[in-house]
Amino acid sequence: MRRHQRALVNHLYRLTGQREEAFDLAQEAFIKVYQSLGAFDPRYRFTTWLYRIGFNCAIDHLRRRQPRTCSLSQERGDVDGIAEGPLVAATEPSPDEVLRLRELEVRVERAIRALPPAYRQLLLLRHRQHCRYDEIARITCLPMGTVKNRIFRAREILKKELADFLDREV
């Protein structure tokens, strides 16, 4: 549990958008893992099995709750009551660059949260958890082609959602 808790909580946070829910879902997942240890197949990676159980917990949770809404005028630092850390390294970027990076980060996070849960999960497993396609296929019980297709579609949706912002950057 100590070895995998942080990564699982981070993954679940990206799926749910709420840190406390992520901790609760991780705890639920670890309880289910403990109760099902006899069903674990050691031919596969433990993390794949753990993430699958965590994902199932998150999907069940998301199905039960109401859709999230947030004010467009909400400040970046108080999204869901979570204070966010520094955005950039000590290279002393200009205030304009800091503002642009913060705006981009907020836009990307909103766009990811707006993705359908199936697309969001696959995209986060690939790009935040750095899972290989075959691992993602095992975690989600989807064929490899479906995994690749949905990740591609999720990226296309993000490109479309961020097109106006990214066009300004060029």
Any residue that is of a type outside the set (Ser, Thr, Tyr), modelled with pLDDT under 90 and not in a helix (DSSP H, G or I) - is there at least one of those in the range 155-170? yes
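Among the residues of the range 35-55, write down those that are exposed (fewer than 12 other Cβ atoms within 10 Å of the Cβ) and touching a residue at least 12 places away in the same chain (Cβ under 8 Å).
The answer is 36, and nothing else.
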Within the range 116-147, restricting to residues that are aliphatic (A, V, I, L, M) and buried (at least 17 other Cβ atoms within 10 Å of the Cβ), the one that is nearest to residue 53 (Cα to Cα) is 139
Only one of 113, 155, 150 is surrounded by 12 or more Cβ atoms within 10 Å (Cβ to Cβ) and within 15 Å of residue 11 (Cβ to Cβ). Can you tell me which? 113
Among the residues of the range 111-126, how many are more than 9 Å from the chain's Cα centre (by Cα), assigned to a helix (DSSP H, G or I) and either within 24 Å of residue 166 (Cβ to Cβ) or among the small types (Gly, Ala, Ser) (or both)? 5
Any pair with Cβ under 7 angstrom, 6 or more apart, that starts in the range 22-34 at a residue that is surrounded by fewer than 19 Cβ atoms within 10 Å (Cβ to Cβ) and ends at one that is in a helix (DSSP H, G or I): 23/9; 28/57; 32/53
Can you tell me which of 161, 97, 156 is touching a residue at least 12 places away in the same chain (Cβ under 8 Å) and not assigned by TED's automatic domain parsing to the domain that holds residue 50? 161
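The values are calculated or read from the model by the stated rules, or taken from the named source; none is laboratory data. Because the structure is predicted, anything quoted here is derived from the model rather than measured. For neighbour counting, all protein chains shown are included, and Cβ atoms are generated from backbone atoms with ideal geometry for every residue, glycine included.
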